[in-house]
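Everything on this sheet refers to the single structure shown next.
The values are calculated or read from the model by the stated rules, or taken from the named source; none is laboratory data. Just so you know, these numbers come straight off a predicted model, no measurement behind them. As a convention, Cβ positions derive from the backbone with ideal geometry for all residues, glycine included, and neighbour counts pool all protein chains shown.
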Amino acid sequence: IILTEYDEELDSTSITNRLAPGMRFMLDNPNELWESLFFEKEGEPELSNESNFLNHFRGLYVKAEAVDENGTLMMLNIGSNASLTLHYTSESETTPDDGGDSEVTTSPGTVTMSFSGNLVNFVDDTFIDIPDGNQEEGDEQLYLKGIQGNMAVINLFNGDEDGNSPELDDFKSNNWLINQAEIEFYVDQSAVQGEEPDRIYIYNLESNAPLIDYILDQSVSATQINAKIDHLKPLVRVDEAADGEGIKYKIEITEHINNILLRDSTNAKLGLVVSTNVNSIEPLDLQNEVGALSRTVSGYFLSPRGTVLFGNNTSDEDKQVKLKIYYTEPEN
């Protein structure tokens, strides 16, 4: 965005500022509000130091108005680039050296306050009751929901508390060369109402770290929709339309499986969550522990969306979640 200024005397236009794309709007509050908040406090304790000022002006409360009964939600990046700018005018009086009448000059000015400190979201949501997960046999459906929602736990090879199992031992004994390994999650369209998230994220539930495939994925992008698309495939939609119904997610975990089978890495349980940005993987502490779960990742808290996936125990065998491993048998 380029801001320009027109000079009538010179009949020319000059560039005054260059801004990144964003939302900029005038607040509806009357001028008296800002005058009483700031300018009338000149010389008062409220403006005497930073601590007093922060206690006096504690921030902004932004509330969305309903557009229809379905509600509307928009993600705002209120980070270091967000600010509140006050525009004001001040008067100054000057007396000429010859002792003539004094002149009053009005000058414009601005005060800009950047956003920092704590950000709090209040989202009113209605949650349906979902059945408790079956930790032994798995579930028919996997419910994923961001913010204060739900996540799924993936237990590869039916591992015990230490990740060991006869199935895993059988895989290891064959010494296969793993060419590719992936998990496909099909969306249960009978249980969702559209607006599925484009991305889901899988991670080591014990260490809260990304899988090795995430680290090795070179499809780096500043935008979440194009980041890590080799490891975390975006949602495949009907007719590839942006608003089409979701079909499936695919997650490639070839190197993770190689580490387990060939390099004797621990077969840790994996967490599966929705994400608004797969670049946001910082671990965050939960206020209240849920079983053995005490931490999660930041991208999960940023996403208000949810979806329902077919689990491993669904009656629709074609859409059961499966770990697919493509391998080459070594010559004896």
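A few comments on the model shown:
- One residue stands out among those in the stretch 99-154 that are modelled with pLDDT of 75 or more and of a type in the set (Ser, Thr, Tyr): the one that is nearest to GLU196 (Cα to Cα), which is TYR143.
- Among the residues of the stretch 311-332, those that are assigned to a loop (DSSP other than H, G, I, E, B), within 30 Å of LEU262 (Cα to Cα) and modelled with pLDDT of 90 or more comprise GLY311, ASN312, ASN313, GLN320, VAL321.
- Every residue from the stretch 185-206 that is more than 20 Å from the chain's Cα centre (by Cα) and either of a type in the set (Ser, Thr, Tyr) or assigned to a loop (DSSP other than H, G, I, E, B) (or both): TYR186, ASP188, GLN189, SER190, ALA191, VAL192, GLN193, GLU206
- Sole residue being touching a residue at least 12 places away in the same chain (Cβ under 8 Å) and in the same structural domain as GLU206 (by TED's automatic domain parsing), chosen from ARG295, ARG263: ARG295
- Subset of the stretch 230-240 that is over 23 Å from ASN155 (Cα atoms) and at pLDDT 90 or above - its residue that is surrounded by the fewest Cβ atoms within 10 Å (Cβ to Cβ): VAL236
- Any hit, the stretch 244-255, residues being more than 23 Å from the chain's Cα centre (by Cα) and within 23 Å of VAL321 (Cα to Cα): yes
- Test: residue in the stretch 110-118 that is surrounded by 10 or more Cβ atoms within 10 Å (Cβ to Cβ), touching a Gly at 6+ places or on another chain (Cβ under 8 Å) and not acidic (Asp, Glu): yes
- Wholly enclosed strands (runs of 3 or more DSSP E) of the stretch 241-310 bearing at least 2 residues in contact with a Gly (Cβ under 6 Å, 6 or more places away or on another chain) and surrounded by 22 or more Cβ atoms within 10 Å (Cβ to Cβ): 270-275
- Within the stretch 10-48, the set of residues being exposed (fewer than 10 other Cβ atoms within 10 Å of the Cβ), on the phi < 0 side of the Ramachandran plot and part of a loop (DSSP other than H, G, I, E, B) comprises LEU10, ALA20, PRO21, MET23, ARG24, PHE25, MET26, ASP28, ASN29, PRO30, GLU42.
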